[in-house]
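Have a look at the structure below, then the notes.
The values are calculated or read from the model by the stated rules, or taken from the named source; none is laboratory data. On a predicted model such as this, the values are computed, not experimentally measured, just so you know. No Cβ is skipped: glycine too gets one built from the backbone with ideal geometry, and neighbour counts run over all protein chains shown.
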């Protein structure tokens, strides 16, 4: 407990030096404010803390894991081409056994294969697309329809050979009929209906209208149908 004479001395000192006393009080308050702010009010570490504090560990940003490239589920182009060639070879082999195909079993969808497939579909009375597919191969294997077409006898007459049915004319007639150039019967013989259909095709394609089976006409027709005609 402060004695009365001590309080008197303090009051006398304050009276003699009031400015110094106010300065001491303000300095003391400032010191306490700094201490309180450093200890309780700062959210982060002070650049020059009065007391040693534990460093705040910064959480490292998560590093995204590298994406593994997805393995394509589709078939490679080479494998797809090989599978198609094997499918066509099977179709050619089965058609050959039934007498519809007399070409080489090479896995290539040429004019002979296309004509043989269409002959089989017509003979079997089926309604399927004449394209290489598993369904076509199964239909050929399951069918018991033989090729009843009589072979064309050999001719020594040059004029007769020119007007004899040919597979090329047969393929052209089928292509023109499939794409709406007239109701043409696929006989393999160049007739007036075939000539009219060829002229209509030439006009649509802006070709010289001749009505003849020229090389240019065959190329344009094959490009439109997307299948070989030779």
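What the table below lists for this structure:
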| item | result |
| --- | --- |
| Subset tally (residues that are surrounded by fewer than 17 Cβ atoms within 10 Å (Cβ to Cβ) and over 19 Å from residue 113 (Cα atoms)) for the stretch 200-219 | 13 |
| Single residue of 90, 107 found to be at positive phi, modelled with pLDDT of 85 or more and surrounded by 17 or more Cβ atoms within 10 Å (Cβ to Cβ) | 107 |
